[in-house]
Structure formats: C-alpha cells, structure tokens
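Working notes, beginning with the structure itself.
Just so you know, all these numbers are worked out from the coordinates, no wet-lab data involved. As the structure is a prediction and not an experimental result, all values here were calculated from the model. All Cβ positions, even for glycine, are placed from backbone atoms using ideal geometry, and neighbour counts span all protein chains on display.
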Amino acid sequence: MRFLATCAMKDLRRRLADPVSLIIWLAIPLFIGGLMSLMFGGDAATPRARVLVVDEDASLMGRLLTGAAGSGRADFLDIERVSRADGQARMDAGEASAMIVLPAGFTEAVLNEQPVSITLVRNPSQRILPAIVQTGAEMLVEALSYIQRAFAEPLRQMRAEATTPEGFPQDNAVALLSASMNERMRRASAWLFPPAIGLEFADASEGDDASQMNLGALFLPSMLFMAVLFIAQGMADDLWREKEAGTLRRAAVLPHTLTTFLGGKLAAAAVIMAAVAVVVLLVLLWMGVATLPRVPAAVIWVVFAGSALHCIFLVLQLLASSRRGAQVLSNVVVFPMMMIGGSFFPFEAMPGWMRAVGAWTPNGQALVQFKSILAGTASASQLAIASVAIGVPAAILFLVSARLAGGRFASRD
C-alpha cells in the first residue's frame with residue numbers, strides 16, 4: 001500500500017511539474033463547449049432593427065400604422081418617426097437599418113383604391129435586419145390590399161363624415177363602420193372559422209430534457225467527460241515515457257508487482273479526475289443544476305468511470321509496438337467514443353438511434369448515470385448494473401495490462 005501511494009505521488013508531482021498538459025486537457029473541452037453554446041444560442045440580447053418612418057401623409061391611417069408597428073409586440077423592431085431630411089441624414093450615417101416613407105395622399109389612395117407606393121430605403125452595410133424589415137413591409141402591403149377590398153366602402157363613408165378638431169372621426173361614423181365590419185365578418189365566417197390550421201401546445205415537462213436545461217447545463221456534463229477521456233488517455237500515454245526513461249524496467253525487478261505500480265498511476269489519474277469533477281460541479285451548483293447533497297456521489301461516480309476508461313487506454317498503450325503507434329491507436333478509439341458517447345455532442349442533441357448506441361459505450365453509460373445522479377433520479381439498481389457493466393471489464397483490462405507490462409513491454413527497447 002505504501003508503494004502504491006509512493007507511485008501515485010510520483011506521478012502527481014510529475015504532472016504538476018508539467019502544468020501545460022493539465023491546462024490542455026481542461027482547455028480543449030471548455031473551448032469546444034463554449035463554441036457549441038455560442039453556436040446553438042445563449043443569453044445574448046436579441047438584435048434590434050432601427051426603422052425610421054417618414055409619415056408625409058400625417059393622416060389617421062399613417063398614425064395607426066406607425067403606432068401598430070411600434071407597439072412593442074415585435075421585440076426586434078425599434079420604430080421612430082422622423083422627418084424626411086432627418087431620416088435621410090441618419091440613413092447616410094448608417095444609424096438605422098431601414099427607412100419607410102408614407103407619401104402624401106397615402107390614405108386617400110388606399111380608400112379610393114388608387115395606386116400608391118411606399119418607399120423603403122435599406123442600409124447597405126447590414127444584410128439580415130433590413131431584409132426582415134423589407135419582409136414586414138411586404139406583409140403590410142398585402143394586409144392593406146385585403147383591408148382595401150373588404151372595407152373600402154365603410155372606410156370611405158367614415159372618411160366623408162365630419163371629424164373632431166383633433167382629426168378623429170365622429171362617434172356615429174365609427175359606430176357605422178363597426179356595424180359594417182361586423183356584417184362582413186359574419187358573412188366570411190364560413191370560410192374563416194374554424195381555422196384550417198390548428199395549433200397544439202405541449203407541456204415542456206413532457207418533451208425532451210433539452211427544453212428544461214439551458215445550454216451551459218446541457219454541455220458541461222459532456223465537456224466534463226471529454227476532459228476525463230483526455231486525462232485517461234494522457235495518463236496512460238505516460239507508460240511510454242516511463243519505459244523510455246528506464247523507470248518501468250527498474251520497477252519490474254522490484255519486490256513489488258507491476259500491478260501495484262500501475263495501481264499508483266491509476267490512483268494519480270483518479271486524483272486529477274476528482275479535482276476536475278469538483279470544479280465542474282461547483283459551476284453546476286452555481287448554475288442551480290446540481291444540489292450540494294448530490295455532489296459527493298457525482299464526484300465518486302466520475303472518478304470510478306474515469307478510472308475504468310483509464311484501464312482501456314492502458315491496454316491500448318501496451319498493445320502498440322511504438323509510442324507513435326500507441327498514440328494513433330488511442331486517438332482512433334477516443335474520438336469515436338467522444339462523438340458517439342455524448343462527450344462531444346450531448347445526447348439530447350443526437351438522433352434517437354445514435355443516442356441509443358452511445359448510451360452503451362463506457363463513457364456514454366457513465367454520462368447517463370452522472371446526469372441521473374445530478375437530477376436525483378438515479379436508483380440503486382441502475383447504478384449497480386452500470387457499475388458492473390463498466391467496472392468488471394475495466395478490472396479485467398487492468399489485470400491484462402499488468403501482465404502485458406511485466407512481459408515484453410518492460411524489457412524491449
């Protein structure tokens with residue numbers, strides 16, 4: 001036991017003397033996770049299109065249109081009424097996404113079914129936001145066309161009535177318009193109601209797990225197991241460094257078995273994995289995804305699963321005929337494991353068939369149980385089955401590694 005602790009401390013001191021490797025193991029998953037969060041969304045503010053409206057008509061319809069556009073229901077639009085000169089100057093300065101001009105006589109033309117043009121000026125330095133404004137303007141033109149066809153006559157009658165000093169129609173004219181509109185709506189009800197397309201809403205609790213988590217919480221467990229895979233691979237690669245330095249050959253002739261020597265390496269890897277798991281779980285605690293009573297079980301599970309993964313890479317290193325060959329072999333194994341096992345993309349973002357396959361990989365099974373521990377849904381029977389499925393093959397591979405390390409691997413050049 002003392003020799004195992006000595007071997008573990010030796011490897012830990014050597015790793016701490018080379019902090020660049022530790023930073024790389026942690027930086028790559030965090031970098032990839034950050035990119036994924038940026039790609040798939042986040043808490044960034046919604047971009048807003050500033051739209052300048054020049055209402056040269058100065059009529060009721062112009063006020064209604066600009067008021068409806070700036071009512072706040074469209075979070076991506078910022079509507080501002082300006083004069084033509086001010087609007088042109090601000091467009092030249094690139095201060096707005098688009099400018100809409102309602103010409104003089106706009107209301108009269110609409111009511112009398114005469115041709116009229118709405119001018120749209122787009123900011124050439126922007127691409128998406130002006131296109132959104134243009135689409136909205138085209139929809140406005142279509143809506144005005146239908147309104148004109150359906151209600152042109154009652155609108156003209158209301159227009160012909162006397163108006164208040166503020167420019168608004170009299171109450172009786174508005175009442176006549178309302179009655180006429182109601183009559184037209186009743187006639188069209190056979191085609192409009194019920195609607196041809198129905199919309200159903202499902203409770204988020206009945207959908208995918210991804211709807212209940214933000215992207216950081218979704219990616220962090222996957223990034224944790226990606227870091228664990230890198231640590232397991234890197235610590236196993238240390239066997240070739242020990243061999244090239246002659247340390248492994250000297251360890252083979254000591255009164256202690258190579259099983260204990262490899263156990264020290266396994267213990268050192270477990271300590272590093274535990275430290276990484278604690279850091280990630282503290283972040284998850286801060287995000288409110290994990291609770292403090294579940295943290296110890298989650299750390300123990302990460303260390304157990306990571307140690308099992310380390311045994312896989314130990315065998316791969318010992319089977320290779322050269323250090324370069326061992327690196328290629330381990331990379332051939334680690335990247336498919338990350339892709340399929342939920343360490344590169346979360347299971348929630350995968351197709352159903354890939355999720356089913358990935359859940360049976362060692363790191364995939366470990367990730368599934370880790371998330372269930374955090375969620376408080378893990379059962380003793382599930383953890384026991386997963387522990388046997390992961391731990392028994394790992395124990396066999398560890399014993400095979402000790403036998404291989406004590407054979408030709410330690411002695412050959």
* Each residue of the range 230-237 in order: what ³J(HN,Hα) in whole Hz does its phi give by Karplus 6.51 cos²θ - 1.76 cosθ + 1.60, θ = phi - 60°, with x for Gly and Pro? -> 5, 5, 4, 5, x, 5, 5, 4
* **Approximate spin-label separation residue 382-residue 287, in nm, with each point projected 7 Å along Cα-to-Cβ** => 1.9
* Compare the peptides 102-108, 120-126, 261-267 by average per-residue count of other Cβ atoms within 10 angstrom and give them in order, highest first. => 261-267, 102-108, 120-126
* Packing-wise, with mean Cβ within 10 Å as the measure, how do 132-140, 311-319, 394-402 rank, highest first? -> 311-319, 394-402, 132-140
* Structure fact -> HN-Hα couplings for the range 360-369 via Karplus (6.51, -1.76, 1.60; θ = phi - 60°), in whole Hz with x for Gly/Pro, come out as 9, 6, x, 6, x, 4, 5, 5, 4, 5
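For every other residue with a beta carbon closer than 13 angstrom to the beta carbon of residue 116, add +1 if it is Lys or Arg and -1 if Asp or Glu, then tell me the sum.
Numbers: positive: none; negative: 56, 57, 108, 113.
Summing Lys/Arg as +1 and Asp/Glu as -1 gives -4.
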* Tell me the label-point distance for the pair residue 83, residue 18, using the 7 Å Cα-to-Cβ offset, in nm and rounded to one decimal. => 7.3
* Structure fact -> Descending packing, highest mean Cβ count within 10 Å first, for 268-274, 362-368 is 362-368, 268-274
* Partners for residue 265 among lysines (Cα-Cα distance below 27 Å; same-chain residues under 8 apart left out) -> 10, 243
